[in-house]
Amino acid sequence: KAKAAALKAVELDEALAESHYTLAAVYTWHDWNWPEAGLEWKRAFDLNPNYPDGLAMYSHFLMIMGRPDEAMAMIERALDLDPFNVTIQTFYTVDLVFARRYEEATVEGNKALAMQPGNPIAIQGLLEAYEAKGMEKETLAKIRDFLRFYEVPDIDAEMDRGLAEGGYLGAMRRAADGLAACAQDYLAQPTDVAWLNVFAGDNSRALEWLERAYELRDPNLPYLQLPAFNRLRTEPRFKELFRRMNLEGSETK
């Protein structure tokens, strides 16, 4: 429906930048059509290089395509244009994680949460930065916040049991299992379940959930470039998924 509306908007007024930004977003997160997305992002930017929300989205497309320098230029421009926009702030946090700039990501993620407590994208960016830095206590705290957003039942008690039984990995396994139960009812994204299984050290289950994400066209699947998934890069099933997503050649080091 979003694609049909965006195409109609472009048909009615080809010079309206917002329509092209919306169409580019559909091509990116639903169709996974990188060539068409790239053309639409460029057309949108050429029409209006000062639309901050569009620039923030464009930055994520560029990160997905493995073009971090261009991505950071876009998100920084967006922030200059609208420094108090929490959506742009959260996109900036994720961009910094993509760029492996974890110290800055923690600062900006906390700034986003100060603007909007409980924002799930900011929480995700923060916990991935903490996890990459080996900050287990902080990571688990943010995992709890993230799962409370999804209203996973009894998650604090479950994670406490996991922590007592198996330490950090035990708590992560309980977190992954709790979110998986929500995903079965389509209340959570399969990529998020895969992500928690990576943190729990269970690559096989992570890959199962990523394959399910592909089948269900999870809009978060293009984020395979995030550093947490580096642990899967040598797995043949991950390489095949990367190929099916047409993301070869876009690897972020």
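The values are calculated or read from the model by the stated rules, or taken from the named source; none is laboratory data. All values derive from a computational prediction rather than experimental measurement. All Cβ positions, glycine included, derive from the backbone under ideal geometry; neighbour counts span all protein chains shown. In case anyone asks, the SASA skips ligands and DNA or RNA and just uses the protein heavy atoms, side chains included. Shrake-Rupley method; radii C 1.70, N 1.55, O 1.52, S 1.80 Å.
Each residue of segment 28-33 was assigned a 3J(HN,Hα) from its phi angle through the Karplus expression (A = 6.51, B = -1.76, C = 1.60, θ = phi - 60°), giving 7, 9, 10, 7, 6, 9 Hz with x at Gly and Pro.
Between exposed chymotrypsin sites (Phe, Trp or Tyr not before Pro) in the chain, where DSSP calls loop and at most 10 other Cβ atoms lie within 10 Å, what's the longest gap? Looking at the chain, 85-185 is the longest stretch - no exposed chymotrypsin sites (Phe, Trp or Tyr not before Pro) with at most 10 other Cβ atoms within 10 Å.
Evaluating 6.51 cos²θ - 1.76 cosθ + 1.60 at θ = phi - 60° for every residue in segment 229-241, the Karplus couplings come out as 7, 4, 5, 9, 5, 8, 6, x, 5, 5, 4, 5, 5 Hz, glycine and proline recorded as x. Averaging 1/r across all pairs of distinct Cα atoms in the chain and inverting the result yields a Kirkwood radius of 18.7 Å. Structural descriptor for the chain: relative contact order 13 percent, calculated from alpha carbon pairs under 8 angstrom and at least 6 residues apart. Taking a ≥ b ≥ c as the square roots of the Cα gyration tensor eigenvalues, with a/c under 1.5 meaning rounded and otherwise prolate when a/b beats b/c, else oblate, which class fits segment 120-165? Cα axes put segment 120-165 in the oblate bin. The candidates 142, 111, arranged from most to least accessible area with a 1.4 Å probe in the full protein assembly, appear as 111, 142. Figure legend: label point modelled 7 angstrom from the Cα of residue 115 along Cα→Cβ; residues of segment 69-100 with amide N under 14 Å from it are 75-96. Specify whether the C-alpha gyration tensor of segment 162-243 places it in the rounded, prolate or oblate class, a ≥ b ≥ c being the square roots of the eigenvalues: rounded for a/c under 1.5, otherwise prolate if a/b is larger than b/c and oblate if not. Judged from the Cα gyration tensor, segment 162-243 comes out oblate (a/c at least 1.5, b/c at or above a/b). Exposure check, 1.4 Å probe, all protein chains in place: residue 154 carries approximately 110 Å² of accessible surface. Cβ-Cβ distance of residue 204 and residue 69, R₀ of 41 Å, FRET efficiency by 1/(1 + (r/R0)^6): the value works out to about 0.70. Each part reduced to its alpha carbon centroid, segment 9-46 and segment 123-187 end up 36 Å apart.
Accessible area of residue 11 (1.4 Å probe, protein heavy atoms only, ligands and nucleic acids ignored): about 140 Å².
Using every pair of separate Cα atoms, the Kirkwood estimate puts the hydrodynamic radius of segment 1-108 at 13.9 angstrom. Identify all aspartates and glutamates with a Cα-Cα distance to residue 133 below 13 Å; exclude those on the same chain that are fewer than 8 residues away in sequence. Of all the aspartates and glutamates, those that pass the test against residue 133 - Cα under 13 Å, at least 8 places apart if same chain - are 103, 104.
Set the Förster distance to 35 Å, then compute FRET efficiency between residue 104 and residue 13 from the Cβ-Cβ distance, nearest 0.05. Before the final figure, lay out the partial values.
On the way: r = 39 Å, r/R0 = 1.11.
Given R0 = 35 Å and the Cβ-Cβ separation, E is 0.35.
Taking square-rooted eigenvalues a ≥ b ≥ c of the alpha carbon gyration tensor, is segment 92-155 rounded, prolate or oblate, where a/c under 1.5 means rounded and, failing that, a/b exceeding b/c means prolate? Verdict is oblate for segment 92-155.
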